[in-house]
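The values are calculated or read from the model by the stated rules, or taken from the named source; none is laboratory data. This is a predicted model, so every value here is computed, not measured. As a convention, Cβ positions derive from the backbone with ideal geometry for all residues, glycine included, and neighbour counts pool all protein chains shown.
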Amino acid sequence: MIGQRSESGRAVGTYCLAGVGILAVSISVVVAIGPARVGVTDAWSVVLSRLGLAEVELSPLRAGIVWDLRLPRALLAAICGAGLAVCGAVMQALLRNPLADPFVLGVSSGASTGAVAVVVLGVGGGALSISSGAFVGAVVSFALVLLLSQTLGGTTERVVLSGVAAMQLFSSLTSFIVLTSGDAETTRGVLFWLLGSLSSAAWSEVALCALVLAGVLAVCLGYARTLDAFAFGAEAAATLGVAVARTRVVLLCATALLTAALVSAAGAIGFVGLVLPHAARALVGANHGRLLPVTAVVGAVFLVWIDTLARTVLEPQEVPVGVVTSLIGVPAFVVVLYRTRRAT
Amino acid sequence: MSGGQAGLSADRVSRTAGGRLILDTVSVTPAAGSTVGVLGPNGSGKSTLLRLLAGVLAPTSGLVTLDDQPLPEWGRRRLAKRVAVVQQQADTQVELSVRDVVSLGRIPHRGPWSPISAEDHAVVAAALVDTGLADKADRAWQTLSGGERQRAQIARALVQQPRELLLDEPTNHLDIQYQLDLLTLISRLPLTTIVALHDLNLAAMYCDQLVVLNRGSVVAVGTPRAVLTVELLAEVYGVRAEIEHPETDGPPHVRFLGVLGQ
């Protein structure tokens, strides 16, 4: 039996290692994909030269395409995929709801409203960027959800219901602002961003999001066992020695922070947080010490490829990545619903 | 408060919820190693009493102590290593194996980053054997019968290595065979066990002491023989009954005759 458990421990290590390998290969491959032909080895030589380890053999234009456009974009896709998937896994465990994710809890909608307020209404008088607007919006929306759910009784169902209410409220606010105040040009730009897009990825955003992801992931892994304890509900967790209220506050704030950072960098990319934790659970089971790292890797690989698909499928036109994730996510959502229906 | 009281003790605890008195100055002090049955009609406060003893609810007044120290001073994790709880019909949508569920009981024993130790494995394996689940360890929780689920929850509780075990109507909705089977298991555990029960005859068979609650107050405490009387059943449950006392030391048997006044 002990052998069995350490075997499954090895299996997880293998999954993670294989996943990171696949992720590295994926990123190397996708930076070579696009209208400007750049080989995989050329792409790597650019990276090595920028790190001071080799000489550039490519034209500055192509080197710039790899280093300034494709590589940060692929990395941001990986970070967003990993981060959103981990947020979903944590929220689903914490709220005991298989459908919880940053969208359902209204965080993404709040971020969208914040961004629109900055771009269309000019809130902040130019001092605020679209990202910081989104960040403020996400935090405000999440604070509202927590306040509302506390007022309504503080149970997990109330948190989810409050999230849905906030999502509706902020979506309507966003539409209202866009439709009443935006000119056609801004409206189009904002709508594109609202659907989720990694096209404006810059190194500064990659660095910030990577930092937040690393911090939040570390916190969540520290709470992995505590999340396991929530399987039979908050009261059962309490009798296992878990400080339920503190755990909820810490983890919900951490995931809201991460969501805010990701949405402000890449817009509202839907369904990653909802669907990928379920895929990861099918691979390694529900133990969060194993589930969270695997979810992160699966999410990263998934979004790297989805984004590549989004920017190449209708070349030269780009499809918002959120549209592609939703096109894939909705059928997956139905499968999740179908499975939970059978389980009860 | 009496000094030198080992184990769990509720001292004149009351609990009000929504302006309604759910428990009214209840005192319970189970003897170490005994099985105490908590009886009473629906809404008499059985679950609330157990939740106060488990420390998941705070009494509105009065004090619950463990080894003479008030529960809030114990700290959650330290308390979880002393007092384990089996809830009424615990269920989950998470896909877990029996071993996963039982292993949850090790959570209070492990630090946030420490891996599973050989001791953890040994304790889980022993609890699976003790509850007769060794051959079902890799079964999915969702495929278990009601009786097997309760066994798995008891195994999980044992893995916490408690000295006090609280169970809230563990035999609800089980077939009679599983009820007897489960209560035999519970009454043989070398722990101080407090179990809320519905069935008076099962309580008489398996408990050393009974505490009877009615509308939030204790109306009788003692051995099954002393507690289960025609008058008490009339007063608390509103039923007519006969109590048969066997010649030997066996438990009394309640035979219901009808509703009072009919």
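Filter region B:92-127 down to residues that are of a type in the set (Val, Ile, Thr) and more than 8 Å from chain A (Cβ to nearest Cβ), then give me how many there are.
So the answer is 4.
Which of the residues belonging to region A:226-237 are within 7 Å of chain B (Cβ to nearest Cβ) and either crowded, with 22+ Cβ neighbours inside 10 Å or not in a helix (DSSP H, G or I) (or both)?
The answer is A:Asp228, A:Ala229, A:Ala231, A:Phe232, A:Ala236.
Against the conditions (1) more than 13 Å from every other protein chain (Cβ to nearest Cβ); (2) surrounded by 21 or more Cβ atoms within 10 Å (Cβ to Cβ); (3) of a type in the set (Lys, Arg); (4) over 17 Å from the mean Cα position of the chain (by Cα), where does B:Arg20 fall short? Just the number, please.
With (1) more than 13 Å from every other protein chain (Cβ to nearest Cβ); (2) surrounded by 21 or more Cβ atoms within 10 Å (Cβ to Cβ); (3) of a type in the set (Lys, Arg); (4) over 17 Å from the mean Cα position of the chain (by Cα) applied to B:Arg20, the lone miss is (2).
Per-residue answers, yes or no, for (1) closer than 21 Å to A:Ser141 by Cβ; (2) modelled with pLDDT of 90 or more; (3) among the hydroxyl-bearing types (Ser, Thr, Tyr):
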| site | (1), (2), (3) |
| --- | --- |
| A:Ala74 | no, yes, no |
| A:Ala82 | no, yes, no |
| A:Arg96 | no, no, no |
| A:Asp101 | yes, no, no |
| A:Val104 | yes, no, no |
| A:Ala115 | yes, no, no |
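Pull up region B:64-87, narrow it to residues that are surrounded by 16 or more Cβ atoms within 10 Å (Cβ to Cβ) and more than 8 Å from chain A (Cβ to nearest Cβ), then point me to the one that is nearest to A:Ala93 (Cα to Cα).
The extreme case among them is B:Val86.
Quick one: would you say B:Ile154 is facing chain A (nearest Cβ under 7 Å) and either modelled with pLDDT of 95 or more or not in a loop (DSSP other than H, G, I, E, B) (or both)?
Considered against the rule, which asks whether it is facing chain A (nearest Cβ under 7 Å) and either modelled with pLDDT of 95 or more or not in a loop (DSSP other than H, G, I, E, B) (or both), B:Ile154 comes out as no.
For A:Arg96, only one of the following conditions fails: (1) over 21 Å from A:Leu251 (Cβ atoms); (2) charged (D, E, K, R); (3) within 14 Å of chain B (Cβ to nearest Cβ). What is its number?
Evaluating A:Arg96 over (1) over 21 Å from A:Leu251 (Cβ atoms); (2) charged (D, E, K, R); (3) within 14 Å of chain B (Cβ to nearest Cβ) leaves (1) as the failure.
It is to be established whether one or more residues within region A:261-280 are part of a helix (DSSP H, G or I), under 17 Å from B:Leu96 (Cβ atoms), at pLDDT 90 or above and more than 10 Å from every other protein chain (Cβ to nearest Cβ).
Scanning region A:261-280 turns up at least one residue that is part of a helix (DSSP H, G or I), under 17 Å from B:Leu96 (Cβ atoms), at pLDDT 90 or above and more than 10 Å from every other protein chain (Cβ to nearest Cβ).
Starting from residues that are more than 12 Å from chain A (Cβ to nearest Cβ) and not in a helix (DSSP H, G or I), keep the ones in region B:39-57 and report whichever is surrounded by the most Cβ atoms within 10 Å (Cβ to Cβ).
B:Leu39
If you take the residues of region A:238-264 that are of a type in the set (Ser, Thr, Tyr) and within 16 Å of B:Pro108 (Cα to Cα), which of them is surrounded by the fewest Cβ atoms within 10 Å (Cβ to Cβ)?
Looking at residues that are of a type in the set (Ser, Thr, Tyr) and within 16 Å of B:Pro108 (Cα to Cα), I get A:Thr247.
With respect to the numbered conditions (1) in contact with a helix residue (DSSP H, G or I) (Cβ under 7 Å, 6 or more places away or on another chain); (2) closer than 25 Å to A:Gly289 by Cα; (3) among the small types (Gly, Ala, Ser); (4) not in a loop (DSSP other than H, G, I, E, B), which one is the sole condition not fulfilled by B:Ala90?
(4)
Is it true that B:Ser114 is assigned to a loop (DSSP other than H, G, I, E, B) and touching a strand residue (DSSP E or B) at 6+ places or on another chain (Cβ under 6 Å)?
The answer is no for B:Ser114.
Residues are listed down the side, and each one gets a yes or a no for (1) out of contact with any Asp or Glu (no Cβ under 9 Å at 6 or more places or on another chain); (2) acidic (Asp, Glu); (3) within 26 Å of A:Ala82 (Cα to Cα):
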| position | (1), (2), (3) |
| --- | --- |
| A:Asp101 | yes, yes, yes |
| A:Ala111 | yes, no, yes |
| A:Gly114 | yes, no, yes |
| A:Ala117 | yes, no, no |
| A:Phe135 | yes, no, yes |
| A:Leu146 | yes, no, yes |
| A:Gly153 | yes, no, no |
| A:Leu194 | yes, no, yes |
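Quick one: A:Ala214 ticks every box in (1) surrounded by fewer than 17 Cβ atoms within 10 Å (Cβ to Cβ); (2) more than 20 Å from A:Leu84 (Cα to Cα) except a single one, so which number is it?
Single failed check for A:Ala214: (2).
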